[in-house]
Structures are given as structure tokens and as C-alpha cells.
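A short write-up of the structure that comes next.
The values are calculated or read from the model by the stated rules, or taken from the named source; none is laboratory data. None of the values given here were measured: they were computed from a predicted structure. We place every Cβ from the backbone using ideal geometry, glycine too, and count neighbours over all the protein chains shown. Please note that ligands, DNA and RNA were not included when accessible areas were found on the heavy atoms of the full protein model with its side chains. Shrake-Rupley method; radii C 1.70, N 1.55, O 1.52, S 1.80 Å.
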Amino acid sequence: KMQTALEVRAALETDLRHALEKRELRLYYQIQVDNLHRPLGAEVLLRWEHPERGFVFPDQFIPLAEETGLILPIGLWVLQTACAQLKAWEHNAQTRDLTVAVNVSARQFHQAGFVDQIKGVLQESGAKPSLLKLELTESIVLKDIEDTISKMHEIIMLGVRFSMDDFGTGYSSLAYLKRLPLDQIKIDKSFVLDITKDPNDAAIVRATIAMSQALGLDVIAEGVETEAQREFL
């Protein structure tokens, strides 16, 4: 069983190494709307369209990409593609003000030269920095809080904004939260799923929204799939 698992992993890694050059990676754009259902922007979703495996979802290949370092070229490609899309949207009145949210991995964020990479991608694409939003998870922030805050401020100077992804699912520290130069908090879908049935989830969501507003942060909920959930929010 161990041997089989190793062989499967090795095969996946080999295929992943060629996924970029073979143009098998795809970006999908999941719409984000306000309380009146008006489009605000989109979150980038990465998918791997393998010729034999079919669609491979991020939870199947991102951990492997992190371990092997492949997340660095893949992450750069995602940023380049997302910013190129922002630039393309500029030519349409319906899309020119939409933001694009891009998930950044820990290894990607903490690599040397990440700030210069962001600057280069923005210059190369010509996209408006204010329409690019980088999503960080708590694990990224807690790895080296001082370095994270310093790097975030450098990127903010470029005009880019930050969102805290999956808020409440990790070791949320309000002491860190007040120091981070965030623009937005995302309520994790695990709290949204039973928001109309579970009073605990409802209470957590209400508290998160109230706290975000008190801190002057935007707040967005992910995983909204029913009209009842949307009405509650």
C-alpha cells in the first residue's frame, strides 16, 4: 500500500511539473456580489484540467506543489493570468471596476523578492493595482508576524489590497488582527453552511460582521448557495 501511494504521488508530481508548459492549468472566476446582488468582483479558482485524470481540484495538487516548490511558478502564472484578465476587463463598462481576489500560498508569500514579483506583474500587465486583492490565510500570517506585516505594507504601497481568507477556522488572534493592514475579512463557508439552522454559526457570523465593521473592514461570506443564507447575511 505504501509503495502504491508513493507511485501515485510520483506520477502526480511528474504530471504537475509539465502542467504549466502543457497549458493544462485553468483559472475560473467565482463572482462576488454585494447585499443587493450587484457584482463587486471575482475570486480566482485554480483548476488543473488533466487529459487523463480530468479536473484535478486544488486540495489534490496544491499541497504537493507546496512541498516540491512548484507552487512558485504556478503562483506566478496565476498572478500573471489574473492581472491580464483585469486589464482585459478594463475595455468593458460592466467589468472595468471589478476586483480580482487571488489566493497566495505561504511559500509564495514568504519567498525572497515577492514584493518585486507583484510590482513586475502589475507593470507587465498594466492592470490597476487597486483592483487586485491578495488573500492570505492565518497560517501565512502567524509564520512570521513581523515579516508579514512589513511585506504587506510594502505591497500596499503599490496600491494592492489584502483580504484574510478562512477567518475563524484557524488560531484567530484578535491581537494580530488589529495590527494587520487588512481591507477585508472573509467568513469561512463552514460557518455559512448551516447559518439558518445552527444558532452557534449564526452567532459567530453576526459577531464577525460586527467586529469587522467596528474595525473599518469590509466583510464577505463565502459558500453562499441558498436564498435563505443570502437573506440572513
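Of the residues that sit in the stretch 63-94 and are among the β-branched types (Val, Ile, Thr) and farther than 24 Å from Ser130 by Cα, which one is surrounded by the fewest Cβ atoms within 10 Å (Cβ to Cβ)? First the steps, then the outcome.
First, pick out the residues of the stretch 63-94 that are among the β-branched types (Val, Ile, Thr): 68, 71, 74, 78, 81.
Filter again for farther than 24 Å from Ser130 by Cα, leaving 68, 71.
Working: Thr68: 12, Ile71: 22.
Per the criteria, the residue is Thr68.
Quick check on my filter: what residues within the stretch 10-21 are in contact with a helix residue (DSSP H, G or I) (Cβ under 7 Å, 6 or more places away or on another chain) and assigned to a helix (DSSP H, G or I)?
So the first thing to find is which residues in the stretch 10-21 are in contact with a helix residue (DSSP H, G or I) (Cβ under 7 Å, 6 or more places away or on another chain), and the list is 12-13, 16, 20.
Listed by number, the residues that qualify are Leu12, Glu13, Leu16.
The numbered conditions (1) under 16 Å from the mean Cα position of the chain (by Cα); (2) open to solvent by less than 20 Å² (accessible area, probe 1.4 Å); (3) at pLDDT below 95; (4) not hydroxyl-bearing (Ser, Thr, Tyr) are all true for Leu180 except (1).
Condition check for Gly75 on (1) within 15 Å of the chain's Cα centre (by Cα); (2) over 17 Å from Glu43 (Cβ atoms): one failure, at (2).
Taken as a whole, the condition of being touching a strand residue (DSSP E or B) at 6+ places or on another chain (Cβ under 8 Å) and under 29 Å from Val192 (Cα atoms) does not apply to Asp97.
Of the numbered criteria (1) in contact (Cβ under 8 Å) with a residue 24 or more places away in the chain; (2) closer than 27 Å to Leu217 by Cα, the one Val33 fails is (1).
Counting only residues that are aliphatic (A, V, I, L, M) and free of Cβ contacts under 8 Å to residues at least 24 places away in the same chain, the stretch 69-99 holds 2 of them.
Taken as a whole, the stretch 102-111 holds no residue that is modelled with pLDDT of 95 or more, open to solvent by 40 Å² or more (accessible area, probe 1.4 Å), part of a helix (DSSP H, G or I) and in contact with a Gly (Cβ under 9 Å, 6 or more places away or on another chain).
Yes/no matrix, rows are residues, columns are (1) more than 30 Å from Gln123 (Cα to Cα); (2) free of Cβ contacts under 8 Å to residues at least 24 places away in the same chain:
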{"position": "Thr148", "(1), (2)": "no, no"}
{"position": "Met157", "(1), (2)": "no, yes"}
{"position": "Phe162", "(1), (2)": "no, no"}
{"position": "Gly168", "(1), (2)": "yes, no"}
{"position": "Arg179", "(1), (2)": "no, no"}
{"position": "Ile187", "(1), (2)": "yes, no"}
{"position": "Ser190", "(1), (2)": "yes, no"}
{"position": "Ile195", "(1), (2)": "yes, no"}
{"position": "Val205", "(1), (2)": "yes, no"}
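Looking at the stretch 189-222 only, could you name the residues that are farther than 30 Å from Leu158 by Cβ and either open to solvent by less than 50 Å² (accessible area, probe 1.4 Å) or assigned to a loop (DSSP other than H, G, I, E, B) (or both)? Walk me through how you get there before you give the answer.
Of the stretch 189-222, the ones farther than 30 Å from Leu158 by Cβ are 190-207, 210.
Phe191, Val192, Leu193, Asp194, Ile195, Thr196, Lys197, Asp198, Asp201, Ala202, Val205 - these are the residues of the stretch 189-222 that are farther than 30 Å from Leu158 by Cβ and either open to solvent by less than 50 Å² (accessible area, probe 1.4 Å) or assigned to a loop (DSSP other than H, G, I, E, B) (or both).
Residues of the stretch 122-176 that are of a type in the set (S, T, N, Q), in a helix (DSSP H, G or I), open to solvent by 10 Å² or more (accessible area, probe 1.4 Å) and under 27 Å from Ala207 (Cα atoms): Ser139 alone.
Of all the numbered requirements in (1) closer than 25 Å to Tyr176 by Cβ; (2) surrounded by fewer than 18 Cβ atoms within 10 Å (Cβ to Cβ); (3) of a type in the set (Phe, Trp, Tyr), Phe57 misses one, and that requirement is (1).
Can you tell me which residue is farthest from Leu136 (Cα to Cα) among those in the stretch 24-77 that are in a loop (DSSP other than H, G, I, E, B) and acidic (Asp, Glu)? Out of the qualifying residues, it is Glu52.
When you scan the stretch 18-55, how many residues do you find that are more than 25 Å from Ile209 (Cα to Cα), of a type in the set (D, E, K, R) and at pLDDT 90 or above?
As a first pass, look at the stretch 18-55 and keep what is more than 25 Å from Ile209 (Cα to Cα): 18-28, 46-55.
Going one step further and asking which of them are of a type in the set (D, E, K, R), we end up with 21-24, 26, 47, 49, 52-53.
Next cut, at pLDDT 90 or above only: 22-24, 26, 47, 49.
Residues meeting the conditions: 6.
Look at the stretch 1-30: where a residue is without any contact (Cβ under 8 Å) to a residue 24 or more places away in the chain and a partner is of a type in the set (Lys, Arg) and open to solvent by less than 80 Å² (accessible area, probe 1.4 Å), sitting 6+ places away or on another chain with Cβ atoms under 9 Å, you get Arg26/Arg47; Tyr28/Arg47.
Does Lys186 satisfy the condition of being open to solvent by less than 10 Å² (accessible area, probe 1.4 Å) and of a type in the set (D, E, K, R)? Considered against the rule, which asks whether it is open to solvent by less than 10 Å² (accessible area, probe 1.4 Å) and of a type in the set (D, E, K, R), Lys186 comes out as yes.
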